[in-house]
Amino acid sequence: MRIEDLQKTQEEQAMETKQEVLQAAIEKVRSMLNQQFPDVVDFEDGSFTLSKGSASVMIIVRPFTEDDAVVECTSHVVTDAQITPEVMEWLLRKNAELHFGAFGLLFDHTIIYSYSLPVKNLDPEELGVMVSAVATIADYYDDELAKMTGGKRALDLIGLEG
């Protein structure tokens, strides 16, 4: 066997190991979500969604380190927001007040709330708290932010009333 072939094999094994870690993390998160949130929708690609009130929450398992993945829980709280200095200050002050997660701003003026944790040592209670926190905070603040920014809540986008 040539050295190049040996190096290629080691690189391929490292990539497979990362994929195995990611797949194990997805299965772990899937199992925990299904136990705690019976209405969760599984897209079969490491992403899930659920709704609470007028908010929609995405849960995504992504690569993080060589031997761990991260679970990201994000809600698009308000889309098409008019971002002013007052809105930015409000978001920063809320970030200082809230215990878990943070508000953020996407390139298209979507205000999000997100919270992430590594999966390796994640237990069901931590995942439940994370998902519930994002869902509750997004549902609580989306009405206020929609009024403040002229934006739309998740339910407004799909034509439902909440």
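A compact table of results
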item	result
At 1.567 mPa s and 4 °C, Stokes diffusion of the chain via Kirkwood alpha-carbon radius, µm² per second	75
Local net charge near residue 47, Cβ-Cβ under 13 Å (Lys/Arg +1, Asp/Glu -1)	-2
Relative contact order for region 28-103, counting Cα pairs under 8 Å that sit 6 or more residues apart, in percent	16
Residues residue 20 and residue 80, FRET efficiency given R0 of 35 Å [Cβ-Cβ distance, rounded to 0.05]	0.30
Cut-off under 5 Å, modelled amide H: who pairs with residue 112 long-range	77, 104, 105, 106
FRET efficiency estimate (nearest 0.05) - Cβ-Cβ, residue 157 to residue 116, R0 30 angstrom	0.80
Folded to 0 to 90 degrees: helix 3-36 orientation relative to the chain principal axis, Cα	40
Cα-based Lys pair tally, the chain, threshold under 30 Å, eight or more apart or on separate chains	13
Assigned charges on the beta-carbon of Lys, Arg, Asp, Glu; the chain dipole about Cα centre (debye)	300
GNM result for the chain, Cα springs below 10 Å: residue of 121, 95, 34 fluctuating most strongly	121
Principal-axis tilt of helix 124-149 within the chain, Cα atoms, nearest 10 degrees	40
Relative contact order (%) - criterion: Cα under 8 Å, at least six apart; region: the chain	25
In order through region 38-48: 3J(HN,Hα) via Karplus (6.51 cos²θ - 1.76 cosθ + 1.60), integer Hz, x for Gly, Pro	x, 8, 5, 9, 9, 8, 6, 10, x, 10, 9
Cβ-derived FRET efficiency at R0 22 Å, residue 126 paired with residue 97, nearest 0.05	0.55
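Quick note: the coordinates plus some simple rules give every number you see, no bench work behind them. Because the structure is predicted, anything quoted here is derived from the model rather than measured. Heads up, the Cβs are rebuilt from the backbone with ideal geometry, glycines too, and the neighbour counts pull from every protein chain shown.
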